[in-house]
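S.K.: Have a look at the structure that comes next, please.
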Amino acid sequence: MSAMDERTRATVPERIRNAGGLAPGVARSVSKATGMPEAAVHGVASFYSLLARPQMSIRVCTGVSCRLAGADALLETARAEGLPAEACSCLAACDAAPAVLKDRRVLPQVELADLRATQGDWRNLEVQGTQRDGQWLGEIGQTEQERMGPVFNLAGVPDWSASSLQRARELGAENVLSALEEAGLQGRGGAGFPAHRKWRGMRVQPETTRYLVLNADESEPGTFKDRELLLRRPDLVLEGLAIAALCVEASDVYLYLRGEFELPQRILEDALTRFRGASDSIGLRFHLHGGHGGYICGEETALLEALEGKRGMPRQRPPLPIERGLFGKPTLVHNVETLACVPFIVREGGAAFRAQGRTGPGTKLYSVSGHVERPGVYELPLGICLDELVAAAGGYRGELRAFIPGGAASGLLPAEQRVRPLDFESLKQAGSALGSAGVVVLNRDVDLAEVVRDQLRFFEAESCGQCAPCRIGTHYLREAWDRFMDGDAAALTHVEDASWQMNEGSICGLGQTAALPLTSVLRHFEGDLSGDE
């Protein structure tokens, strides 16, 4: 396929959206306009939830935190009012539960009265607590120290001076890389891979056309830190991208935001205008791209496929993206929070960043929701424990029974683990993961069996279906759990084998971790589920 054909193909999802989504005749018209086979266009449209069912203008989040806050009643009421409504996966608004997606805008803390006031027209849905232009912000702390954290300073005013970028130009790429290595910065999106190794891997590629991609497809249930960072400090994200591009000699940056991030995308569009002088000074071009729904697109190679206009299915490795990524060129992909750390490291030095942590380098943005007094995003030293995080969030609501430490893919831990450091290594030793640090707190009022059922359904629904261990395994586990909860004591006999096969045989992290909600509950709560009925 020629370069022109690749760029044309990349426009397919947006053309489908502009034509009204997957409706009769759309696949054919997009096919004629692009030269893509009609079946291939249909395959793309049916893959992404926001394109596949465009008539569903109201989507009620049924993630754990939103269900705890009454999402089921919201969905029932929306349908009773005649609204085109369906359930959806996490909307990255667990701190403002229950959340509802209106077209592509997330509405926080929606109440039954808000739905009844629509008089059956979804366009009338509005909520209290948002500004006239639809903007809203989450909780970031009560004390000055919490709100003015050392690395991100979420309460601060965006700084468009690009002073860290200027400092990086003075230092030169190798000195910036040394600072990054000294800082010990690991990817903040879930994998925890050392950032400096990715950057060095890009620099040795013989291909001189190189790309940089921002992964802002924040879809891990329980996680909403990137949303808050983009809303409050887009300057840090753009400056981090510019420094990275300078060091790896990339001239084009692609910003991929999840499709439900209408508000962060609007903020970022304005930020790009403010940052234009700095980006022009190093010949950097930005390309903003909104996704169309699909949890799997948070996986970096699936995200690259989505940017190329295909179904968001993970690629086999090798080659790695830094060798052969977007449009076949070396590509550095980083999470929002990871890049936002870079200006501090360049300005203050790697040692200063490392010193901010407790059991790991730097500070961390923890998302916390569920049974806490003030759900929100808190910048705290990497390695604090659950009790310290919840103290910052105003304390527990009820008696702690369990918690999810790093998003749905990290499983559940019992209350006894409340003093375990929330870092990469400690949680790995516990058979869990820090992941995206999306912490969900569950008290003794919670039905853990239902929490497990929800998460198994989530992974079954979000599996892209490409590899058999994930496609079959997620279905098998959900079905086995349903039968077990219906009284079939033998239903879980083969769960351990199925989990092993999923972990060993799946292409990406979804299939490799999808069994954790079930296996972690069996490990920690098997004798304590009788009351969950």
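S.K.: Magnitude of the Cβ-charge dipole of region 1-131, K/R +1 and D/E -1, about the Cα centre, nearest 20 debye?
M.R.: 440
S.K.: Here is a follow-up. I need the phi-derived Karplus couplings for region 213-222: 6.51 cos²θ - 1.76 cosθ + 1.60, θ = phi - 60°, integer Hz, Gly and Pro marked x.
M.R.: 10, 8, 8, 10, 8, 6, 10, 5, x, x
S.K.: Throw me the Rg/Rh for region 225-357, computed over C-alpha atoms with Kirkwood Rh, two decimals. Present the calculation step by step, with values, prior to reporting the outcome.
M.R.: Values: Rg = 15.1 Å, Rh = 15.6 Å.
Checking Rg against Rh, the ratio lands at 0.96.
S.K.: On to the next question. For the pair Leu272/Thr11, report the inter-label distance in nm, with labels modelled 7 Å from Cα in the Cβ direction.
M.R.: For the pair Leu272/Thr11, the computed spacing is 1.6 nm.
S.K.: Identify, among Pro84, Ala113, Ala99, the residue whose Cα sits farthest towards the positive end of the charge dipole of region 74-116, taking +1 on the Cβ of Lys and Arg and -1 on the Cβ of Asp and Glu, with the dipole about the Cα centre.
M.R.: Pro84
S.K.: Now for a different question. Quick check for the chain: number of Lys pairs with alpha-carbon distance under 19 Å, counting only pairs 8 or more apart or on different chains?
M.R.: 5
S.K.: While we're on this one: Work from the charge dipole of region 36-128 (Cβ charges, +1 for Lys and Arg, -1 for Asp and Glu, about the Cα centre) and give the residue of Leu50, Gly70, Asn124 farthest towards its positive end.
M.R.: Leu50
S.K.: Would you mind working out the magnitude of the charge dipole of region 439-533 relative to its Cα centre, with +1 at each Lys and Arg C-beta and -1 at each Asp and Glu C-beta, to the nearest 20 Debye? Show your work: numbers first, answer last.
M.R.: Details: 7 positive and 17 negative charges, 71 e Å.
About 340 debye.
S.K.: About the Cα centre of the chain, what is the dipole size in debye to 20, counting +1 per Lys and Arg Cβ and -1 per Asp and Glu Cβ, all else neutral?
M.R.: With Lys and Arg at +1 and Asp and Glu at -1, about 1540 debye.
S.K.: Summing +1 for each Lys or Arg and -1 for each Asp or Glu, what net charge is found among the other residues whose Cβ lies under 12 Å from the Cβ of Lys102?
M.R.: Overall, the nearby charge balance is -2.
S.K.: In addition: Tell me, rounded to the nearest percent, the portion of alpha carbon pairs in the chain spaced more than 44 Å apart.
M.R.: Distances greater than 44 Å cover 12 percent of the Cα pairs.
S.K.: Per-residue HN-Hα couplings for region 9-21, Karplus 6.51 cos²θ - 1.76 cosθ + 1.60 at θ = phi - 60°, whole Hz, x for Gly and Pro?
M.R.: For region 9-21, the Karplus-derived couplings read 4, 5, 8, 4, x, 5, 5, 5, 4, 4, 8, x, x Hz, x marking Gly and Pro.
S.K.: Using a 1.4 angstrom probe with every protein chain in place, what is the largest-first accessible-area order of Met148, Met485?
M.R.: Met148, Met485
S.K.: What spacing in nm lies between the two simple spin-label points modelled at Ala117 and Ala491, each 7 Å away from Cα in the Cβ direction?
M.R.: In this crude label model, Ala117 to Ala491 measures out at 4.2 nm.
S.K.: Okay, next question. Set the Förster distance to 35 Å, then compute FRET efficiency between Glu526 and Phe193 from the Cβ-Cβ distance, nearest 0.05.
M.R.: 0.55
S.K.: Apply 1/(1 + (r/R0)^6) to the Cβ-Cβ distance of Asp72 and Leu171, taking R0 = 60 Å, and write down the FRET efficiency to the nearest 0.05. Show your work: numbers first, answer last.
M.R.: Details: r = 54 Å, r/R0 = 0.90.
The pair Asp72/Leu171 has a calculated efficiency of 0.65.
S.K.: At 222 nm, what helix-only mean residue ellipticity would the chain give, in deg cm²/dmol to the nearest 500, using -39500 (n - 2.57) for each DSSP H run of four or more? Intermediate values should be presented prior to the final figure.
M.R.: Details: 26 runs with 231 residues, N = 533.
It lands at -12000 deg cm²/dmol.
S.K.: In percent, what relative contact order does region 10-118 have, based on Cα pairs under 8 Å that are 6 or more apart in sequence?
M.R.: With pairs under 8 Å counted, the relative contact order is 22 percent.
S.K.: To continue, here is another question. On the principal axes of its Cα set, how long, how wide and how thick is region 483-533? Give whole Å, largest value first.
M.R.: 37, 18, 14
S.K.: Still on this structure, I have one more. In the chain, what cysteines have no partner Cβ closer than 4.7 Å?
M.R.: Those would be Cys88, Cys90, Cys94, Cys247, Cys297, Cys341, Cys385, Cys464, Cys467, Cys470, Cys508, since no other cysteine Cβ in the chain comes under 4.7 Å of theirs.
S.K.: Write down the percent of antiparallel bridges among all DSSP beta bridges whose residues are both part of the chain, to the nearest 5.
M.R.: 45
The values are calculated or read from the model by the stated rules, or taken from the named source; none is laboratory data. Since the model is a prediction, treat every value here as computed from it, not as a measurement. Note: ideal-geometry Cβ built from the backbone for every residue, glycine included; neighbour counts use all protein chains shown. Accessible surface is based on the protein model in full, side chains and every heavy atom, while ligands, DNA and RNA are left aside. Shrake-Rupley method; radii C 1.70, N 1.55, O 1.52, S 1.80 Å.
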